[in-house]
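What follows is a set of notes on a single structure, which appears directly below.
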Amino acid sequence: MQKREQGKSGGAAGGNAAPPPKRGRPFGSTAASVASASAADSVAPSTLLGPSLQIHNSFSVEQNNKRIVLALQSGLKSELTWALNTLTLLSFKEKDDMRKDACLAKIPGLLDALLQIIDDWRDIALPKELRKGQRTRTLGANSVITGFGNEYEALGSIALLPQSGLGSGSAAEISGQKNTSKRRRSEWWLDEDGLFNLDDEGRAEKQQCAVAASNIIRNFSFMPENEIAMAQHRHCLETVFQCIEDHIVEDEELVTNAIETIVNLAPLLDLRIFSSPKPSYIKITEKRAVQAIMGMLGSQVKAWHCAAAEFLGRMIINPDNEPLLLPFVPQIYKRLVDILSLQAFDAQAAAIGALYNLVDVNMDCRLKLASDRWAVDRILKVIKTPHPVPEVCRKAAMIIEHLASDPQNRTSLLAYENTFAEILFSDGRHSDTFARILFELTSKPNNKIAAARGIWGM
């Protein structure tokens, strides 16, 4: 429970250092940038969703909640722009009293309306030319029963043959023509572009509205009063995970908002919701959700693999999610060890935070991590460099202690005995931890032979 609270409050960040600002927060959302907010207004880019909008202090969400939801559902450009701008300002006014009213529980139907905007964009996001078309079935096309699902239609047409007075060959041709014409009429909306096709400007507006809606949902996930409602909303989770799953072709900002949303909801998220009796919209399964996160973990984009590592570290704490993540543990720890080799401090912090929780709850991960060629070296490098956040160094030392507590790892860890002793005498912050590590490795009654080999080089 203590780890869950730590992960919820910031994961790897901690110690006496000031907490860093939220990843990707809009300009002016942190205290450090409030002083320069007026200067930013004068140089605001013209690509924003709409004109600058100021909300009066007397604006009440409770009195305007129905108008906001109806404006989102209307699809009208002016109403949609007003609602998205209003919700955007309300959602990241962190120290403003108005922000307290921007609670999903006080605005019924708001989350569904925002998700519908994202779904509308995703329906047209991928051009029709890039979609995989249906395979044309030509085998048995001249037969009455083809074996490809048209049996009942073919047999139904045969029942009308005595009334038509035609031969069997003509009947087969007529039935084929009927099936072809019927299929064309039913698939007209799928094969044709339709009367109200969007041009490039219309598609850009749809995309911009979807990104703005995802940003609002992301901002709502930072509010503690919204976490439970969002973590138990299946449509919200399915939409978010689908955006993450399609991160290669989807809008980058939309994907970033999606991954940061689930990172905030991770302590309360139960992947079994995808197999629950709640109504499903996209048919995301538990395995697809984990595979989507694994795809983000393997991404070369630093913000994405850092967020994925942080998400997995928070998810593994929940015992209900652990069986779903166990098949992917070998891939997870290998990728986390690779991330430790990066020079970025935030990437190292995310990897250390995830490994800290993995080795605490999973014995198989402890065994494989201790025998990994590079893992212990890179964890020790984080301590000796040292990392600018003291909490990250503390967790790195605790990872080594977890590895040393397993008797099967003592032989492989004795190779680092001199390094452990050097840190013990040179760094007072971690002296107690490494004293316990050396005690585990050399002073156990059942480890006298291994201790002799480590000390005397036998």
Take the residues in region 400-458 that are modelled with pLDDT under 90, in contact with an Asp or Glu (Cβ under 8 Å, 6 or more places away or on another chain) and among the hydroxyl-bearing types (Ser, Thr, Tyr); name whichever of them is least open to solvent (accessible area, probe 1.4 Å).
THR442
Quick one: which of CYS243, CYS209 is hydrophobic (A, V, I, L, M, F, W, C), in the same structural domain as PHE92 (by the TED database), under 23 Å from ASP346 (Cβ atoms) and modelled with pLDDT under 95?
CYS243
Could you check region 316-396 for helices (runs of 4 or more DSSP H) lying wholly inside it with 1 or more residues that are of a type in the set (Ser, Thr, Tyr) and at pLDDT 90 or above?
329-340, 345-361
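The values are calculated or read from the model by the stated rules, or taken from the named source; none is laboratory data. What you see is a predicted model, and the numbers here were worked out from it, not measured in a lab. Glycine gets a Cβ as well: all are built from the backbone with ideal geometry, and neighbour counts include every protein chain shown. With ligands, DNA and RNA removed, areas are computed over all heavy atoms of the protein, side chains included. Shrake-Rupley method; radii C 1.70, N 1.55, O 1.52, S 1.80 Å.
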